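The values are calculated or read from the model by the stated rules, or taken from the named source; none is laboratory data. No experiment lies behind these values; they were computed from the predicted model shown. Methodologically, a virtual Cβ is constructed for each residue, glycine included, from the backbone with ideal geometry; neighbour enumeration extends over all protein chains shown. These area figures cover heavy atoms from the full protein model, side chains too; ligands, DNA and RNA do not enter into them. Shrake-Rupley method; radii C 1.70, N 1.55, O 1.52, S 1.80 Å.
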Amino acid sequence: MTAPRLIVCADDFALSRQISETIASLAFAGRINAISCMAVCRGWAHDAELLRDLPSGVQLGLHVTLTCEEPLTDMPEYLPDGGRMPEIDPLTVAAAKGNLPLEEIACEIDAQFRAFRKAIGCAPDFVDAHQHAHVLPGIRRLFLDAVAEHAPGAWIRDCGDRVSAIAARPYRGKAIGSAYHARGLRRAAARRGIACNSGFAGHYDFRGDYEAIFPRFLRRPGKMHLIMCHPGAGTLAGDDIADARPREAAALHRMRIADMARAHGLEFDA
């Protein structure tokens, strides 16, 4: 029987060069074992060079991006004025109303898969989405269809968890919100033969002591327990969590994550 695993996934690779360099350094140091990549970003192809010769235990994923960045494709209905894609809140409202140009969104998702493969040379090991947009109505089906087509062996991020597990961890309100939007995702993925993580944590206010908070993410873990994180450096216009990124990076470099995981019955391979 396979031992329960801990996956510590750094999101937002390629959002900026400094974020990418920070994430890569954590991977080479054995402090994270998954990297979620924004293939939509202008620096993606250049930053992907940082991912060469990673430790064998580090998985590379596609961070499908449908918010806050410029798309790879023309999207005249989604972005009638051009520019950046919308924030997550208006996207969530539009999805709930069934008011999305799904054909355009499907083409954009496909383009991001192609951009990932072009830079890395293979399909992603896992797939998720920036601000968890993949769980929204309408987008969810397109996302699952794209994973089945472009990366049939990949697993996807389920942002939900058991109520008892959420209650045992910090910032329950955020976690409950994510779980609410993700309800039914696991079943829909299973119908397509797509695997998911089992156990999800990492929500906090981006202001607290990350090194003190992190161990609480390990409470009541699942068998494939996923902790999202957002390490980085530097500043970027519109990045609301820029101040938290270096704090997370410093804490991840200091913490004995493998020992912490083992204390909770999890194996952490990086």
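Points worth noting:
- Test: residue in region 145-157 that is closer than 22 Å to His181 by Cα and either free of Cβ contacts under 8 Å to residues at least 24 places away in the same chain or in contact with a His (Cβ under 8 Å, 6 or more places away or on another chain) (or both): yes
- Single residue of Ala29, Ala24 found to be open to solvent by 30 Å² or more (accessible area, probe 1.4 Å), touching a helix residue (DSSP H, G or I) at 6+ places or on another chain (Cβ under 7 Å), of a type in the set (A, V, I, L, M) and modelled with pLDDT of 95 or more: Ala29
- Of everything listed in (1) open to solvent by 10 Å² or more (accessible area, probe 1.4 Å); (2) polar (S, T, N, Q); (3) touching a Cys at 6+ places or on another chain (Cβ under 9 Å), the single unmet condition for Ser36 is (1).
- Matching residues, region 187-207, being touching a residue at least 40 places away in the same chain (Cβ under 8 Å) and farther than 15 Å from Val8 by Cα: Ala188, Ala189, Arg192, Gly193, Ile194, Ala195
- In region 221-253, the qualifying residues are those that are in a loop (DSSP other than H, G, I, E, B) and either among the charged types (D, E, K, R) or in contact with a Cys (Cβ under 8 Å, 6 or more places away or on another chain) (or both), and the one that is surrounded by the most Cβ atoms within 10 Å (Cβ to Cβ) is Asp239.
- Boolean, Pro90 is surrounded by fewer than 19 Cβ atoms within 10 Å (Cβ to Cβ) and in a helix (DSSP H, G or I): yes
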